[in-house]
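Peer 1: Got a structure for you, questions after.
The values are calculated or read from the model by the stated rules, or taken from the named source; none is laboratory data. Just so you know, these numbers come straight off a predicted model, no measurement behind them. FYI the Cβ positions are ideal-geometry reconstructions off the backbone, even for glycines, and counts take in every protein chain you see. Surface areas here come from the heavy atoms of the whole protein model, side chains and all, with no ligands, DNA or RNA. Shrake-Rupley method; radii C 1.70, N 1.55, O 1.52, S 1.80 Å.
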Amino acid sequence: MINAHGSTILVTDTALEIHPDPLEAALTGSSEPAVLALAEVASISVRPGDAWDAACVIVSAGENETVIRFAPGDDKGPEQLRSIVEAARSGKKISTDSIPGFSFVAFDVETANQNWGSICQMGLVRVVDGEITERASWLCRPPAGIDEFDPFNIDCHGITAEAVADQPAVGELFEWFSDFVGDLPIVAHNAYFDASALRYAALASGRDIPKITFGCTLAQSRASNLDVANHRLPTVARYFGVALENHHDAGADAEACAEVMVSLARRAEHTGTLADFVHASGFALGSVGDSRVTPVLKDLSGAQTALQVGQPAETSGEQSGGSGVSGKSGAGRGPAPWQSVATPDTIPEPAVDADPDSPLYEQHVTLTGEFEPFDKGQLWNGIAARGGQVGKNVTKKTTILVVGEWANMTSKEKRARELMDKGQKIEIWPADKFLDVLGLSEQPPF
């Protein structure tokens, strides 16, 4: 039911029903609803409100025109009603809880080890018009050469080498993945990790890299001013009353992610597509391409949003949010790391009384990318407090490189991978694993 001025509106598969509220019924002398057959509706339009009149919906059926008025200041209700009626006229099963046009596939992966491409489980949930319509979850064997199962990962998700021994290799799932997703955008929680994992797994498997765009519930949650202690998936799911009883199962996490994204959209009273919602929140969609993964980033200039909707941008020529479009000033670049915080003059020394059981103890740690909202000095001090040595650059001493959000592979990550190819042992950590170790976790990557 949709609340209008003096009535409530019900849209069924065949009709639009206008039910007068008690006061309206008393004024008109009739409590019977007005019923308009959808088959007879020729057009439906919204007339915006102004300083004098509230917005209304105009329904034309034959020679008759019905005007449905809404309360002053209600700009969402008329558009929601128009969208629901148009969807119902096209044959879709629509409820007033749906968000017509708000369609995507929620995605989650679990990995066997620290290599992001070592996918051992995929979970996908399709959402059409704001409602879940289909689910899929597959165990799989990670790509050969990166298929060792790390005890840390096993402790998180419970998946072992034995559990996937008879399952298809992850490379065999890419066709299933593409068939399930179709042309819909992807959504994940901490989507840069899941999108990067997909790309790395494709490369390691000798498969074509899926070309997808994606939104991120972690980014959306952070931008929504929720009253939560952190923005981890279980925390945000609990805030919205979304069940998540088997966290770190890819199927369960994907479903919770789907419901969280829909809940965020409903909380914002959003109508329209996922892209519209992401752009309205100040972000550009992320994307996966042959050369890199572009994360969901704040689009301060609006240039990337304009490119994604195919409209010219009113900018000074600089772009943020990075879509990797060549020939544009600043294309493919994210906001400068630490742009609002000066780099500390002094690198802190490792604490002499640090816990030797910390995974950062006696490690040489370098950071690269964006770690908003945490500043560089805070993170450096966290490394030192746990017995780690901070490095400004990647060197032959580096043992851990922590990768934050960035529009493409940074020069530090390129250097680290070059050294790894030459035999140097360097672990590449996603930002959220690092923040978890520091007690600043938003969302563990596994």
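Peer 1: Rounding to the nearest 20 debye, state how big the charge dipole of the chain is about its Cα centre with +1 on each Lys and Arg Cβ and -1 on each Asp and Glu Cβ.
Peer 2: Numbers: 34 positive and 61 negative charges, 305 e Å.
Dipole of the chain, to the nearest 20 debye: 1460 debye.
Peer 1: For the chain, which whole-number percentage of the solvent-accessible area (1.4 Å probe, protein heavy atoms only) is attributable to carbon and sulfur atoms?
Peer 2: Numbers: 9730 of 20850 Å².
So the carbon and sulfur contribution to the accessible surface is 47 percent.
Peer 1: Let me ask something additional. When DSSP assigns beta bridges and you keep just the ones with both residues in the chain, what percent turn out antiparallel, to the nearest 5? Numbers along the way, then the final one.
Peer 2: Working: 48 of 65 bridges.
Counting DSSP beta bridges with both partners in the chain, the antiparallel share is about 75 percent.
Peer 1: Could you tell me which residue out of S137, Y239, G404 lies farthest along the dipole of the chain toward its positive end? Charges go on the beta carbon: Lys and Arg +1, Asp and Glu -1, centred on the Cα centre.
Peer 2: It is G404, whose Cα lies furthest towards the positive end.
Peer 1: Next question. For the chain, modelled as a Gaussian network with Cα springs under 10 Å, which listed residue fluctuates most, T346, T235, T410?
Peer 2: Taking springs between Cα atoms under 10 Å, the residue moving most is T346.
Peer 1: In deg cm²/dmol and to the nearest 500, what is the mean residue ellipticity at 222 nm of the chain if only DSSP H runs of at least 4 residues count, each as -39500 (n - 2.57), divided by the residue total? Kindly include the intermediate steps, with their values, before the conclusion.
Peer 2: Details: 14 runs with 127 residues, N = 446.
The helix-only estimate for the chain comes to -8000 deg cm²/dmol at 222 nm.
Peer 1: When only Cα pairs under 8 Å and 6 or more residues apart are kept, what is the percent relative contact order across the range 240-292?
Peer 2: On the way: 20 pairs, mean separation 10.7, N = 53.
Once normalised by length, the contact order is 20 percent.
Peer 1: With everything on Cα atoms, drop me the angle between helix 191-205 and the longest principal axis of the chain, reported from 0 to 90° to the nearest 10.
Peer 2: 60 degrees
Peer 1: Let me ask something else. Suppose all protein chains stay in the model; what accessible area per residue would a 1.4 Å probe give for the chain, in Å²?
Peer 2: Details: 20850 Å² over 446 residues.
In whole numbers, the chain has 47 Å² accessible per residue.
Peer 1: Hey, another quick one. Going by alpha carbons, how many degrees (0 to 90, nearest 10) lie between the helix axis of 376-385 and the longest principal axis of the chain?
Peer 2: 50 degrees
Peer 1: Can I ask one more? Could you tell me which residue out of A87, G101, V181 lies farthest along the dipole of the range 62-209 toward its positive end? Charges go on the beta carbon: Lys and Arg +1, Asp and Glu -1, centred on the Cα centre.
Peer 2: A87
Peer 1: Let me ask something else about it. Any chance you could give the angle, 0 to 90 degrees and rounded to 10, that helix 76-89 forms with the longest Cα principal axis of the chain?
Peer 2: Here the helix axis deviates by roughly 80 degrees.
Peer 1: Return the Cα extents of the range 1-49 along principal axes one, two and three, sorted largest first, each rounded to a whole Å.
Peer 2: Largest to smallest, the principal-axis extents are 30, 27, 17 Å.
Peer 1: Where a ≥ b ≥ c are the square roots of the eigenvalues of the C-alpha gyration tensor, would you call the range 240-301 rounded, which needs a/c under 1.5, or, failing that, prolate if a/b is larger than b/c, or oblate?
Peer 2: On the way: a/c = 2.82, a/b = 1.26, b/c = 2.24.
Cα axes put the range 240-301 in the oblate bin.
Peer 1: Another question, if that's okay. Just flag the chymotrypsin sites (Phe, Trp or Tyr not before Pro) in the range 51-139 sitting in loop per DSSP whose Cβ has no more than 15 other Cβ atoms within 10 Å. The partial results should precede the final answer.
Peer 2: Numbers: sites: W52, F70, F102, F104, F107, W116, W138; in loops: W52, F70, F102, W116.
In loop regions of the range 51-139 (DSSP not H, G, I, E or B), the sparsely surrounded chymotrypsin sites (Phe, Trp or Tyr not before Pro) are W52.
Peer 1: Counting GluC sites (Glu not before Pro) as exposed when in a DSSP loop with at most 16 other beta carbons within 10 Å, what is the longest stretch of the chain free of them?
Peer 2: 149-244
Peer 1: Moving on to the next point. Could you give the length gained by full extension between D353 and W52, i.e. 0.36 nm per residue of separation minus their alpha carbon distance, to one decimal place?
Peer 2: Details: separation 301, 0.36 × 301 = 108.36 nm, distance 7.01 nm.
Result: 101.4 nm gained on full extension.
Peer 1: Moving on. Report, ordered by chain and residue number, the lysines lying within cross-link reach of K396, taken as a straight Cα distance under 24 Å and ignoring same-chain residues fewer than 8 apart.
Peer 2: Of all the lysines, those that pass the test against K396 - Cα under 24 Å, at least 8 places apart if same chain - are K376, K412, K414, K422, K425, K433.
Peer 1: Using a Förster distance of 22 Å, how high is the FRET efficiency between N225 and Q378, based on the Cβ-Cβ distance and rounded to 0.05? Kindly include the intermediate steps, with their values, before the conclusion.
Peer 2: Working: r = 22 Å, r/R0 = 0.99.
Once rounded, the FRET efficiency stands at 0.50.
Peer 1: Length gain on complete extension for the stretch A26 to K396, per 0.36 nm per residue less the alpha carbon to alpha carbon distance? The partial results should precede the final answer.
Peer 2: On the way: separation 370, 0.36 × 370 = 133.20 nm, distance 8.30 nm.
Once the chain is fully extended between A26 and K396, it gains 124.9 nm.
Peer 1: Now for a different question. Report the calculated FRET efficiency for E40 and A71 (r = Cβ-Cβ distance, R0 = 41 Å), to the nearest 0.05.
Peer 2: Working: r = 27 Å, r/R0 = 0.67.
Efficiency, from the Cβ-Cβ distance: 0.90.
Peer 1: Hey, rough spin-label estimate for E148 and D421, points 7 angstrom out along Cα→Cβ, what's it come to in nanometres?
Peer 2: 2.1 nm
Peer 1: Now for a separate question. Stretch V309-D183 to full length: gain in nm at 0.36 nm per residue minus the Cα-Cα span?
Peer 2: On the way: separation 126, 0.36 × 126 = 45.36 nm, distance 1.56 nm.
Length gained between V309 and D183: 43.8 nm.
Peer 1: With a sphere of radius 13 Å drawn around the Cβ of R415, what net charge do the other residues whose Cβ falls strictly inside it have (Lys, Arg +1; Asp, Glu -1)?
Peer 2: Numbers: positive: K392, K396, K397, K412, K414, R417, K422; negative: E413, E418, D421.
Residues close to R415 contribute a combined charge of +4.
Peer 1: Express the relative contact order of the chain as a whole percentage, based on alpha carbon pairs under 8 Å and six or more residues apart in sequence.
Peer 2: Working: 945 pairs, mean separation 46.6, N = 446.
Relative contact order of the chain: 10 percent.
Peer 1: Which FRET efficiency value, to the nearest 0.05, is calculated for E17 and E63 with the Förster distance at 22 angstrom and r the Cβ-Cβ distance?
Peer 2: On the way: r = 21 Å, r/R0 = 0.94.
About 0.60, to the nearest 0.05.
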